[in-house]
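Inspection log for the structure reproduced underneath, given as structure tokens.
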Ligand SMILES: Nc1nc2c(ncn2[C@@H]2O[C@H](COP(=O)(O)OP(=O)(O)OP(=O)(O)O)[C@@H](O)[C@H]2O)c(=O)[nH]1
Ligand SMILES: [Mg+2]
């Protein structure tokens with residue numbers, strides 16, 4: 001599956017900038033026309049101007065359409081992510097409109113050229129050129145909303161992470177303000193923003209750590225509120241896209257100190273919902289901010305603190321073991337004291353087991 005390289009998507013010009021660029025270039029082209037006979041010279045100049053302007057616009061617009069990945073060629077995760085970030089319908093429609101405009105402009109150029117060849121006086125050549133420019137401008141202005149959309153979408157998409165599905169992926173999720181970003185910062189190269197208010201993280205971020213030459217990707221997600229899916233905002237939907245579509249393991253953080261602002265029962269509701277959404281991958285429930293806990297919740301198997309470092313390296317070890325990426329011979333051996341969510345490995349098992357089973361099914 002192609003990984004979209006959002007950063008290499010070309011700048012999107014404003015509609016008027018495209019026209020200015022095209023017409024400026026066209027005037028220069030017309031200056032290059034040489035013919036001692038004015039009648040023939042003007043005719044050639046007008047044809048040259050229309051061709052040049054339409055070539056510039058056509059190639060600019062088509063270059064955009066070509067450089068933006070086709071949604072059908074992307075993974076489900078990338079599609080879900082784009083949907084949450086900018087909307088897949090708008091994505092398709094905007095690129096479609098731009099493609100349409102490129103074709104229209106090319107057609108106008110062809111029509112105007114044949115028309116000029118039938119005309120018989122200098123003033124009518126000029127008039128035909130002005131008419132063609134008018135039609136071309138109106139096409140470009142007609143797709144103004146789509147061009148502006150593309151420019152804004154580019155800014156958003158450029159900040160999306162490119163997740164490499166060939167390397168292990170760890171998704172960290174939970175309620176707002178529970179310490180997800182702080183954990184990513186403690187375990188990986190990622191330097192996400194950590195702050196004492198909810199929705200600090202507004203889109204997915206990636207951190208990496210190396211272990212036995214494999215690059216583990218940690219995905220930091222925006223916080224999720226305990227509320228119905230249809231009430232969730234687009235920031236939360238990016239987290240949903242990540243946890244529904246990617247990850248060899250999902251780490252759900254519970255802040256039992258409730259210092260982040262979410263009550264424990266709300267966090268458990270969210271956990272239940274996440275369990276119903278993520279049925280094919282292991283879920284590891286980890287209690288954060290252990291330094292603040294006066295009493296340890298009885299079902300807390302894994303405790304961490306990014307303040308005093310408790311449980312952090314142990315958590316890395318268990319994540320690596322569950323993913324089993326480097327121990328495919330026996331992925332289920334875990335260090336003592338570590339306990340995998342019972343329902344998390346059932347019925348499908350680890351990624352290795354799932355793959356193995358798939359191979360046997362085929
Ligand atoms: N005492 C204590 N505070 C922590 C710990 N981890 C994070 N915090 C604090 O909790 C607050 C939220 O941390 P973040 O890492 O930004 O939380 P988040 O879950 O990424 O928050 P959102 O991105 O807003 O969903 C910050 O003020 C952190 O300093 C911890 O282990 N102990
Ligand atoms: Mg965060």
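Each reported figure results from applying straightforward, stated rules to the coordinates on display, with no laboratory input. What you see is a predicted model; the values in this text were computed from it and never measured. Cβ coordinates were reconstructed from backbone atoms using ideal geometry, including for glycine residues, and neighbour counts include every protein chain displayed.
Using a simple spin-label model with points 7 Å from Cα along the Cα→Cβ vector, what separation in nm is obtained for residue 63 and residue 299?
In this crude label model, residue 63 to residue 299 measures out at 5.7 nm.
Classify the stretch 1-113 from the C-alpha gyration tensor, please: rounded if a/c falls under 1.5, else prolate or oblate depending on whether a/b exceeds b/c.
Details: a/c = 3.67, a/b = 3.04, b/c = 1.21.
Prolate, since a/c reaches 1.5 and a/b exceeds b/c.
What residues of the stretch 147-179 lie in the reach of a label at residue 100, counting those whose backbone N is under 14 Å from a point 7 Å from the Cα along Cα→Cβ?
Within reach of a label on residue 100, which here means backbone N under 14 Å from a point 7 Å along Cα→Cβ, the stretch 147-179 contributes 147.
In the P(r) worked out for the stretch 65-137, what percent of Cα pairs fall beyond 17 Å?
On the way: 1523 of 2628 pairs.
Cα-Cα pairs of the stretch 65-137 separated by over 17 Å account for 58 percent.
Evaluate the relative contact order of the chain (contact order divided by residue number), counting alpha-carbon pairs under 8 angstrom at least 6 apart; express in whole percent. Spell out each step's value before the answer.
Values: 565 pairs, mean separation 50.2, N = 362.
Computed over the chain, the figure is 14 percent.
On a 0 to 90° scale, report how tilted helix 122-142 is relative to the longest principal axis of the chain, with both axes built from alpha carbons and the result rounded to the nearest 10.
It works out to around 10 degrees.
Once the Cα atoms of helix 312-323 and of the chain are each reduced to a long axis, what angle between those two axes, in degrees from 0 to 90 to the nearest 10, is obtained?
70
Starting with the fewest neighbours, write out 218, 49, 229 ranked by other beta-carbon atoms found within 10 Å of each beta-carbon. It would help to have the intermediate numbers written out before the result.
On the way: 218 27, 49 23, 229 10.
The most exposed by this proxy come first: 229, 49, 218.
Tell me the relative contact order for the stretch 6-157 as a rounded percent, counting alpha carbon contacts under 8 Å between residues six or more apart. Before the final figure, lay out each step's value.
On the way: 150 pairs, mean separation 55.5, N = 152.
Relative contact order for the stretch 6-157 comes out at 36 percent.
According to a simple spin-label model (label point 7 Å from Cα along Cα-to-Cβ), what is the distance in nm between residue 114 and residue 14?
Output for this residue pair reads 3.7 nm.
Residues of the stretch 62-103 with backbone nitrogen within less than 15 Å of a virtual label 7 Å along the Cα-to-Cβ line of residue 202, please, listed as ranges.
Within reach of a label on residue 202: 85-86.
Calculate the spin-label point distance for residue 215 paired with residue 292, positioning each point 7 Å from the Cα along the beta-carbon direction, and give it in nanometres.
3.4
Round to the nearest 10 and give me the degree value, 0 to 90, for the angle of helix 15-31's Cα axis relative to the longest principal axis of the chain.
That works out to roughly 40 degrees.
Give the order of 11, 306 when sorted by the count of other beta carbons within 10 angstrom, beginning with the fewest. Please list the in-between numbers first.
Details: 11 8, 306 21.
Fewest-to-most ranking of 11, 306: 11, 306.
Taking a virtual spin label 7 Å from the Cα of residue 225 along the C-beta vector, which residues in the stretch 167-201 bring their backbone nitrogen under 17 Å of it?
Backbone N within reach: 174-178, 197-201.
With Rg and the Kirkwood Rh both taken from Cα atoms, where does Rg over Rh land for the chain? Walk me through the intermediate numbers first.
Details: Rg = 28.4 Å, Rh = 23.9 Å.
Here Rg/Rh amounts to 1.19.
Can you tell me the relative contact order of the stretch 100-207? Whole percent, Cα pairs under 8 Å, sequence separation 6 or more. Intermediate values should be presented prior to the final figure.
Numbers: 63 pairs, mean separation 20.0, N = 108.
Relative CO of the stretch 100-207 lands at 19 percent.
Per the helix-only calculation at 222 nm, which mean residue ellipticity applies to the chain, given -39500 (n - 2.57) for every DSSP H run of n ≥ 4 and division by its residues, nearest 500 deg cm²/dmol?
Working: 11 runs with 180 residues, N = 362.
When only DSSP H runs of four or more count, the value is -16500 deg cm²/dmol.
Which order do 40, 211 fall in if you start with the one that has the fewest other Cβ atoms within 10 Å? All intermediate terms of the calculation are to be shown ahead of the outcome.
Values: 40 12, 211 15.
With the fewest neighbours first, 40, 211 line up as 40, 211.
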